[in-house]
1. Among the listed residues Thr176, Thr110, which satisfies the condition of being at pLDDT below 95 and hydroxyl-bearing (Ser, Thr, Tyr)?
2. Here are some residues: Pro333, Pro339. Which one is within 28 Å of Leu295 (Cα to Cα), touching a Leu at 6+ places or on another chain (Cβ under 8 Å) and in a strand (DSSP E or B)?
3. Exactly one of these conditions fails for Ile160: (1) part of a loop (DSSP other than H, G, I, E, B); (2) out of contact with any Phe, Trp or Tyr (no Cβ under 6 Å at 6 or more places or on another chain); (3) farther than 20 Å from Asp232 by Cβ. Give me its number.
4. Looking at Ala336, Ala341, Ala316, can you tell me which residue is at negative phi, among the small types (Gly, Ala, Ser) and in contact with a helix residue (DSSP H, G or I) (Cβ under 8 Å, 6 or more places away or on another chain)?
5. Would you mind finding the one in Val224, Val191 that is crowded, with 18+ Cβ neighbours inside 10 Å and β-branched (Val, Ile, Thr)?
6. Within the group Ile151, Ile139, which residue is buried (at least 18 other Cβ atoms within 10 Å of the Cβ) and in a loop (DSSP other than H, G, I, E, B)?
7. Looking at (1) at pLDDT 95 or above; (2) away from ligand 1 (no atom under 16 Å from the Cβ); (3) within 27 Å of His302 (Cα to Cα), can you tell me which one Phe214 breaks?
8. In segment 310-330, is there at least one residue being out of contact with any Ser or Thr (no Cβ under 6 Å at 6 or more places or on another chain), aromatic (Phe, Trp, Tyr), more than 14 Å from ligand 2 (Cβ to nearest atom) and within 25 Å of Asn350 (Cβ to Cβ)?
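The values are calculated or read from the model by the stated rules, or taken from the named source; none is laboratory data. Because the structure is a prediction, the values reported are computed rather than measured. Quick reminder, even Gly has a Cβ in these numbers, built from the backbone with ideal geometry, and neighbours come from all protein chains shown.
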Amino acid sequence: MKQIALLFSVFVLAFQNGRPPASLPAPLAYPKNIILLIGDGMGLTQITAGMYANKEQLNLERFPVTGLIKTHSAKNLITDSAAGATAFSCGCKTYNGAIGLTVDKKPCPTILEQAETFGLATGLVTSSSITHATPASFIAHVRDRQYMEDIASFFLQTEIDLFVGGGMRYFTDRRTDQRNLSDELRAKGYVVSDFTLEALRQCTVSTRQPFAWFSALEEPESVVNGRDYLPDAARLATEFLVQRSEKGFFLMIEGAQIDWACHANEGEKTIQEMLDFDAAIGQALRFAEKDGNTLVIVTADHETGGMTLLRGADKASLSIKFTTDYHTASLVPVFAFGPGAEQFGGMYDNTDIYTKMHALLRLPVDEAK
Ligand code: MG
Ligand code: ZN
């Protein structure tokens, strides 16, 4: 057993930057907008469970291109969500816990920051707090994911057009440094709004200002406990961003709590989070089908729970089992729709998601990288 472990770690060291990506033909078309949807902890089994629980129907089935990605981080075969999201946002494998930093702890320019510099509108939508590892990795550069107050302060350093999620407490006078980031955001021209879906609709429909909408002071509820904003937020965010810049937009939408349900080894909760995320995917697809210039990519940072589906009480039912309360090393799927989608077929590294998005948005190559 020890030998097998050693063999694996040698393998990872040798390939920690991934194989060189197989050369792809030039894209058939370039997208103007990219919507990247991340299902935190969403492996094939989570998708399968959601599909059978929903009469064999998922929006994911409407994607013409599928691929697989390797999720390991720089030093671990099993990634955490910070390193997993930094691979997508910056294109580098980093250490577990790192938010927007290279393995040497240097800030790496994120795809969202670069899109913004290039004149695109940008947004982040999540069903966790907005300062949680996955969204944080697109906007902040912090040594450890637990520094939520530091992460919140990075929202003041960008011109992000919208962000939606929980975690309002990190933006209020509850902060240990007495800064009130909500006031600072307002002074910058943001609408800062909270808690009701009607307020979110107002932000996107009647205002032309950038906005922050908070769903909760702390972490948002799970779907089974009444959280329902993610699909609406996905739809409203696309409708808002498309009118914010003629150059296009970059939007990341996260289904954050698939991971949490799997950490807790709760099958029914996992299914409900999966279906909520699939509904958000449906909204992104609907927008992209109508718009024609939008690439939609759905993937996951890693699988959680070592979830498997075994025969249930009778032939027509399934029993959900978990083999761990942490993440696993399994490959996870990628789905793509829209201009450039064909670039996402095959099997490659999670960092290539960044490389492909960067190339498809035709962002300037950063000399420092
Ligand atoms: Mg997450
Ligand atoms: Zn997790």
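1. Answer to the selection: Thr176.
2. Residue meeting the stated conditions: Pro333.
3. Here Ile160 clears every test but (3).
4. Ala336
5. Only one candidate passes the filter, namely Val191.
6. Ile139 is the lone residue from the list that is buried (at least 18 other Cβ atoms within 10 Å of the Cβ) and in a loop (DSSP other than H, G, I, E, B).
7. (1)
8. The answer is no; no qualifying residue exists.
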